[in-house]
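Below is one structure, written out as structure tokens, with a few remarks after it.
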Amino acid sequence: MAKPTPQSLAEFELLVLLAALRLGPDEAYTVSIADHIEAKTGRSVRRANVYTTLQRLEAKRLVTTRLGDARAERGGKPRRLVVVRPAGLAAVRATA
């Protein structure tokens, strides 16, 4: 049986996946991903764009999300943490 071909990524999808990989599964969430991309590229990044891209990547089954611990600075609300799946890593390798 042949291996599935990795999905091609748009530029911003690649940046979001790379940031999520660098931050790791315990620190990758919408705000930290946006901040990381801004710090590394100097580009202004809207959090809404990161959120929308994460939804698209999750629909493509390249990432999964889970709720982290409740955070006092967020009024007791947990962060939605991002985990890059093996298919997401394969897509990054195929694109980069």
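Numbers for the structure displayed
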| read-out | value |
| --- | --- |
| Label-point separation in nm, residue 44 to residue 11, each point 7 Å along Cα→Cβ | 1.7 |
| Residue-count net charge about residue 85 - beta-carbon cut-off 10 Å; Lys, Arg +1, Asp, Glu -1 | +1 |
| Fraction of accessible area attributable to carbon and sulfur, the chain (%, probe 1.4 Å) | 52 |
| With Cα atoms, 0 to 90° folded angle of helix 11-23 axis to the chain main axis | 60 |
| Amide hydrogen neighbours beyond the local backbone of residue 63, cut-off 5 Å, H modeled | 58, 85 |
| Identified option (computed Rg and Dmax of the Cα atoms in Å; candidates (i) 17.2, 66; (ii) 13.6, 50; (iii) 15.4, 51) | (ii) |
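The values are calculated or read from the model by the stated rules, or taken from the named source; none is laboratory data. Quick caveat, the model's predicted, so the values are computed rather than measured. Don't worry about glycine lacking a Cβ; one is built from the backbone with ideal geometry, like all the others, and counts go over all protein chains shown. Note: accessible area is taken over every heavy atom of the protein model, side chains too, but ligands, DNA and RNA are not part of it. Shrake-Rupley method; radii C 1.70, N 1.55, O 1.52, S 1.80 Å.
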